[in-house]
Amino acid sequence: MSNYNDGQLVKALSKYKNPDVTKREVTNVLNQYRDLRPKSEPFVFNNGQQKELLNLEGTIPVSYRGNQYNIPVCIWVLDTHPYNPPMAYVKPTNTMQIKPGKYVDNNGKVDLPFIREWRHPQADLISLVQILAMTFGEDCPVFSRVTPRGGPPPYSSNSGVGAAQPPYPTSGGGMPVPGMAGSSGGNPQYPYPSSTGYPSSGYPNPPYPSSGYPSQSYGGYPQSGGGYPSQNRSYGATPQYTSQYPYNPPYSSQSGYQGSATSSNDMRPGTGTVTEAHIKASLLSAVEDKLKRRLRETFAQAEAEMDVLKKTQTDLSRGKEKLEKMIKDLENEKDECEKNTKLLSDKTSEVKEALKKLENDEPMDMDEAVVTTTPLYRQLLNSFAEEQAIEDTIYYLGEGLRKNVIDLEVFLKQIRQLSRRQFMLRALIQKCREKAGLPPLA
């Protein structure tokens, strides 16, 4: 995280929806890949919308055919990270050119199954960078773009190929550029390694590695050099590899040249002969690349199917738990219903027995149905009943007076008597309640 402190990173992520998670993932990437630099810049989407987003720009180390290279990339982190995948681009320098492939288009945009099937928390930024390094190690997304000055480059005793070279390595065998040796005013390039470049054995073409990788292009021979000899024109059916593929990196001086005497004779200076060993190595390389591609596709498909199966298993487990809970609740409700049914049957039997007894008994006097426990409570009950009867009588006397059923003189006489009796009853009720320990009436 050089040249970018923690405060600037927090400020750049201030408008992100999940700044803490995003900061943690970005910090992990910057700690492991020191050549990546975070920047906060505006990004314009295809619909014209512009947002201020954080991007990680720089180079990532890639091991390509036994050599270490730095591939320039730019990773844009969306403000909805980590729930939406980042956007990865290859950003070639002035000395490089994008090689479109299965996962990289002409504009340098990277489209990987890992990005298309992005799912948090299984996917994160550090995993994306690691998969980019692994994918670029199998299919390099850039190659050197060399523009010679003053016509085609001449033959060199150390290099016979001048086109379709891979990115400059950071360690191992160097990659001299024909026609630009000794010039200091060219386009900016990656620093050349301190180790040796091509082997100084005097071969016109770089030696073929023992792993069987073929030469990717013979289009770099200058026209003035003579090209292929006429006696080798019978190999016209031999498959030729265009310059869009990266050139094989040469062996460094530490590894030495491992070719046999036969290979040395087949690769005589100035002949450029294509032998059966070359054709065999080319076929082996093509088969190996195809098998690797098929294995990657199969592995990605199997991984996607496993994710779907895991999700289905999780959903089924949750459904099983819900069903078990529902069954348990239904069993509890069933037990409760059985208890209530039994209680209802018992109460129904009691009611039937009571009705049967009432049918057999003699008619009951309602006044005698209520029996008090003590004489005090009986006196209280009788006084309260009489007081309520007087209240009703006074009401109906008023109704009779209003309808001219009784005279005013009769009404006043009866009201005086009833009121006096009601007053005495209320006083008696109050005394009885005091004796019984009951609260007074409001």
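The values are calculated or read from the model by the stated rules, or taken from the named source; none is laboratory data. These numbers were taken from a predicted model, which means no experiment stands behind them. Glycine also receives a Cβ, built like all others from the backbone with ideal geometry; neighbour counts cover every protein chain displayed. Calculation scope for accessible area: heavy atoms of the full protein, side chains included, ligands and nucleic acids excluded. Shrake-Rupley method; radii C 1.70, N 1.55, O 1.52, S 1.80 Å.
For a Förster distance of 41 Å, can you work out the FRET efficiency between the beta-carbons of THR27 and MET326, rounded to the nearest 0.05? Result of the calculation: an efficiency of 0.35.
Summing charges over neighbours of LEU380, with a neighbour being any other residue whose Cβ is under 14 Å away from its Cβ, gives +2 when K and R count +1 and D and E count -1. Radius of gyration over Kirkwood radius for region 37-140, both on Cα atoms: the Rg/Rh ratio is 0.95. With the largest listed first and rounded to whole Å, the semi-axes of the equivalent ellipsoid of region 1-66 from the Cα gyration tensor are 23, 17, 10.
Cut-off under 18 Å on the C-alpha distance; same-chain residues fewer than 8 positions from LYS357 excluded. Which lysines are left, in chain and number order? Within reach: LYS347.
Here CYS432 sits with roughly 10 square angstrom of accessible surface, probe radius 1.4 Å.
When the pairs LYS17/LYS322; LYS91/LYS280; LYS39/LYS91; LYS11/LYS51; LYS109/LYS292; LYS51/LYS109 are compared against a 25 Å limit on Cα-Cα distance, LYS17/LYS322; LYS91/LYS280 fall above it. Available extension along the chain between ASP335 and GLU434 is 30.6 nm, counting 0.36 nm per residue and deducting the alpha carbon span. With each label modelled as a point 7 angstrom along the Cα→C-beta vector, the LYS356-ASP105 pair spans 9.1 nm.
Over region 334-442, with every protein chain in place, what whole percent of the accessible area is carbon and sulfur at 1.4 Å, could you tell me? The value for region 334-442 is 57 percent carbon and sulfur by accessible area.
To the nearest 0.05, what FRET efficiency results for VAL287 and SER63 with a Förster distance of 30 Å applied to their C-beta separation? Given R0 = 30 Å and the Cβ-Cβ separation, E is 0.90.
Could you name the aspartates and glutamates whose alpha carbon sits less than 16 Å from that of LYS290, not counting residues in the same chain fewer than 8 places away? Here the aspartates and glutamates satisfying the reach criterion relative to LYS290 are GLU138, ASP139.
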